[in-house]
1. May I ask you to list the residues in the range 241-278 that are touching a strand residue (DSSP E or B) at 6+ places or on another chain (Cβ under 9 Å), within 24 Å of residue 468 (Cα to Cα) and assigned to a loop (DSSP other than H, G, I, E, B)?
2. Is at least one residue of the range 448-468 more than 23 Å from residue 408 (Cβ to Cβ), surrounded by 23 or more Cβ atoms within 10 Å (Cβ to Cβ) and out of contact with any helix residue (DSSP H, G or I) (no Cβ under 8 Å at 6 or more places or on another chain)?
3. Would you mention how many residues in the range 177-209 are assigned to a strand (DSSP E or B) and in contact with a helix residue (DSSP H, G or I) (Cβ under 8 Å, 6 or more places away or on another chain)?
4. Please enumerate the residues belonging to the range 132-144 that are part of a helix (DSSP H, G or I) and either touching a residue at least 12 places away in the same chain (Cβ under 8 Å) or buried (at least 18 other Cβ atoms within 10 Å of the Cβ) (or both).
5. So in the range 53-67, with the set limited to residues that are modelled with pLDDT of 90 or more, over 14 Å from residue 107 (Cα atoms) and in contact with a helix residue (DSSP H, G or I) (Cβ under 9 Å, 6 or more places away or on another chain), which one is surrounded by the fewest Cβ atoms within 10 Å (Cβ to Cβ)?
6. Does at least one position in the range 399-408 carry a residue that is without any contact (Cβ under 8 Å) to a residue 12 or more places away in the chain, under 27 Å from residue 344 (Cα atoms) and not in a loop (DSSP other than H, G, I, E, B)?
7. Given the condition touching a residue at least 60 places away in the same chain (Cβ under 8 Å), over 16 Å from the mean Cα position of the chain (by Cα), surrounded by fewer than 20 Cβ atoms within 10 Å (Cβ to Cβ) and closer than 30 Å to residue 65 by Cβ, answer yes or no: does some residue in the range 317-328 qualify?
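The values are calculated or read from the model by the stated rules, or taken from the named source; none is laboratory data. Remember, predicted model here, so these are calculated numbers, not experimental data. Glycine gets a Cβ as well: all are built from the backbone with ideal geometry, and neighbour counts include every protein chain shown.
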């Protein structure tokens, strides 16, 4: 265990850790969104096209299919064995709906706007055959003006990504891949039902690098059952040995009230908050020693990698896919449950169930069911919270310049709370008015620092948690 007061004040950490608080992959969070009809969604999409200056597009495609269930997963997914009768027809129907949805989106937003990012997520996009992937990516290239230097990325399951499929991805224009690694411990893998030996991941990485993918990224999770600080360190060291360009080091989101599959976890083997703090510190230490920059809440990247450069240039953004270099782009979500983010305008979310999505698209309607049109206050607070999660700092001057406010007046209540958090060692209030999260306490409790700026939370949520079922902040 971490010795008391050697790195952090454990008494303070215990006071704030374990609270139910949002990770703010969006602001406002979906708990603050509302039902939305097609007219409302079209109005927002049309507003995004009325801008005098084209800010470009980012496309997100959601492929929900997986052959096996991972117990930790909180994503929208469809477990579908390929050898089950009717499986091929279900997949083909979904892909046909995706293509029709892309046709509609291109007619609404794509005629004059350059696509600068494409991201395929899931589920597991590598569930699809090479031919299906090339078919869908070809459709995108036909419909949209894809920039020659566009980032085209896919989430990869090493269990369904043999060399010939990776070669097909590269031939289709993909230049970044993100591997779901999670953990290398055999015991942990067995418990969460995600069996992929180190040698499998090593071979996948080797093929990706040989094929010339510009960025090979890992997703790791800490806080899973049966993990210990020692096993997590082993996983991190093994991951570093494979030389990824970027690592997402996620804190496991344990919310069985919302995610039924997590009820199969052995809760008696979940590490407590202080053990997870050790795991977090192990990541900071080992990735830092290996030359990775620590970015935001939970990402690490080599200084020459695009994510680190985006942080340096101030174009970094946090969304439902994690940290992204697409700051300022309008994100268009395609597929069941996918989320669009029209910069400065609002969020749009498609219906969750794949069969409902197919039926809606085939009827000629937009599949949007929920969303949020931003108020002026939403835009201001979104900018503040986004900067905090991306840079671990809030600078008043850019906020004042962009929105025409006096930061100290607008956030008088929040600054009083920041003084309290400064006394507890979570932030430092600087002479120029900036608020900087401390390292390590403020960084591991970054959700606590963000909570007072979230107008959709109760005023005291930063110290007692929120009534909504968010995952624990530490």
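1. Passing the criteria: 252, 253, 254, 255, 271.
2. no
3. Step one: list which residues in the range 177-209 are assigned to a strand (DSSP E or B), which gives 177-182.
The next check asks that each one be in contact with a helix residue (DSSP H, G or I) (Cβ under 8 Å, 6 or more places away or on another chain); those that pass are 177, 179-182.
Total meeting the criteria: 5.
4. We begin by selecting, within the range 132-144, every residue part of a helix (DSSP H, G or I); these are 132-143.
Of everything in the range 132-144, those that are part of a helix (DSSP H, G or I) and either touching a residue at least 12 places away in the same chain (Cβ under 8 Å) or buried (at least 18 other Cβ atoms within 10 Å of the Cβ) (or both) turn out to be 132, 133, 134, 135, 136, 137, 138, 139, 140, 141, 143.
5. Checking each candidate, the answer is 67.
6. The first filter runs over the range 399-408 and keeps only residues without any contact (Cβ under 8 Å) to a residue 12 or more places away in the chain, leaving 400-401, 404, 406.
With under 27 Å from residue 344 (Cα atoms) added as a condition, the list becomes 400-401, 404, 406.
From what is left, the residues that are not in a loop (DSSP other than H, G, I, E, B) are 400-401.
Yes: one or more hits.
7. Step one: filter the range 317-328 for residues touching a residue at least 60 places away in the same chain (Cβ under 8 Å), giving 317-326, 328.
Right, trim to over 16 Å from the mean Cα position of the chain (by Cα) and you get 328.
With the extra rule that they be surrounded by fewer than 20 Cβ atoms within 10 Å (Cβ to Cβ), the set shrinks to 328.
Going one step further and asking which of them are closer than 30 Å to residue 65 by Cβ, we end up with none.
Within the range 317-328, not a single residue is touching a residue at least 60 places away in the same chain (Cβ under 8 Å), over 16 Å from the mean Cα position of the chain (by Cα), surrounded by fewer than 20 Cβ atoms within 10 Å (Cβ to Cβ) and closer than 30 Å to residue 65 by Cβ.
Yes/no matrix, rows are residues, columns are (1) outside any helix (DSSP H, G or I); (2) in contact with a helix residue (DSSP H, G or I) (Cβ under 7 Å, 6 or more places away or on another chain):
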residue: 280; (1), (2): no, yes
residue: 283; (1), (2): no, yes
residue: 304; (1), (2): yes, no
residue: 309; (1), (2): no, no
residue: 312; (1), (2): no, no
residue: 331; (1), (2): yes, no
residue: 337; (1), (2): yes, no
